[in-house]
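The values are calculated or read from the model by the stated rules, or taken from the named source; none is laboratory data. Note that the coordinates shown come from a computational prediction; the quantities given were computed from them, not determined experimentally. Using ideal geometry, Cβ is built from the backbone for each residue, glycine included, and neighbour counts are taken over all protein chains shown. For accessibility, only protein heavy atoms count, side chains too; no ligands or nucleic acids. Shrake-Rupley method; radii C 1.70, N 1.55, O 1.52, S 1.80 Å.
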Amino acid sequence: MKNKTDIAEVIEPNLNFSSTKSLKTTVYLALRKTIINGKIPVGTRINELMISARFNISRTPLRGALQRLRDENLLEYVPDRGMIVKGITIRDAYEIFTIRKSLDRLATITAMYEMSEADFKELELIVYLMQQQDKVGGNLASLFEEFNEFIYEKSHLFRLRDTIANIQNYLSYFRELSVHSKDRSKGAIEDHTKIYHYMKRKDEKQVGILLDKHLDNALNSILNEMDKN
């Protein structure tokens, strides 16, 4: 970014100073979300003084937040430059999708035995909306996310939902990358449709096969987009 104030501008929408969380955690969460969403380009230097002055916060909690991001490999320290945005790497993508495969399988298979007929009707409606949005070029990423959130909710595995929440920002970023491909979008709709049907049939084997195929295809699409970027 040529203008240093741009960094503050993209961080600001994610800052919630009214939260009960500590200032260090508030700043950490805002920076983390902004970096994961790709709003700060890789290689950008995080100017502590500028951020501190812009939001009238002490540099002590800011440094704590930056160190935490460095521990997560989202930032790296470069001598004579300071903290530099490292962003999300291909290795991160592989790691996140390995985790997601296990979590999604557990949530989906558990949910299909917990769901009522009314629940399946609601899930069917989400799939229908995907198909309709695809015809008009609408926002599919939000519907894919809604499908996944619905399954996690109906699994009633609340600690599992807490676990997936820890990587939700990564998943949102990857989902946005994946739907950039028109072919991938159509394939994803077909995957969700089939997953719904096999969930309704209580076919664990096919659900597992489809989930693995769906996530492998999504990962390949994401890696292609990351390579372009």
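Output yes when any residue across region 22-35 is exposed (fewer than 15 other Cβ atoms within 10 Å of the Cβ) and farther than 25 Å from Lys228 by Cβ, and no when none is. Yes, region 22-35 has at least one match. The set of residues from region 42-59 being aliphatic (A, V, I, L, M) and open to solvent by 30 Å² or more (accessible area, probe 1.4 Å) comprises Val42, Leu49, Met50, Ala53. Inside region 80-124, residues that are β-branched (Val, Ile, Thr), within 17 Å of the chain's Cα centre (by Cα) and under 23 Å from Ile46 (Cα atoms) make up a count of 3. Pull up region 189-215, narrow it to residues that are touching a residue at least 40 places away in the same chain (Cβ under 8 Å) and more than 20 Å from Phe120 (Cα to Cα), then point me to the one that is most open to solvent (accessible area, probe 1.4 Å). So, considering only residues that are touching a residue at least 40 places away in the same chain (Cβ under 8 Å) and more than 20 Å from Phe120 (Cα to Cα), the one most open to solvent (accessible area, probe 1.4 Å) is Asp212.
Table: residues versus (1) surrounded by 18 or more Cβ atoms within 10 Å (Cβ to Cβ); (2) over 28 Å from Thr34 (Cβ atoms); (3) modelled with pLDDT of 85 or more.
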position: Leu157; (1), (2), (3): yes, yes, yes
position: Arg161; (1), (2), (3): no, no, yes
position: Gln168; (1), (2), (3): no, no, no
position: Arg175; (1), (2), (3): yes, no, no
position: His180; (1), (2), (3): no, no, no
position: Gly187; (1), (2), (3): no, yes, yes
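Leu74 falls short on exactly one of the conditions (1) touching a Lys or Arg at 6+ places or on another chain (Cβ under 7 Å); (2) of a type in the set (A, V, I, L, M, F, W, C); (3) exposed (fewer than 13 other Cβ atoms within 10 Å of the Cβ), and that condition is (3). Here Lys39 clears all of (1) assigned to a loop (DSSP other than H, G, I, E, B); (2) open to solvent by less than 80 Å² (accessible area, probe 1.4 Å) except the condition numbered (2). Pairing residues of region 110-125 that are under 10 Å from Phe150 (Cα atoms) with residues that are β-branched (Val, Ile, Thr) and open to solvent by less than 90 Å² (accessible area, probe 1.4 Å), at Cβ distances under 8 Å and at least 6 apart in sequence or on separate chains, gives Ala111/Ile151; Leu123/Ile151.
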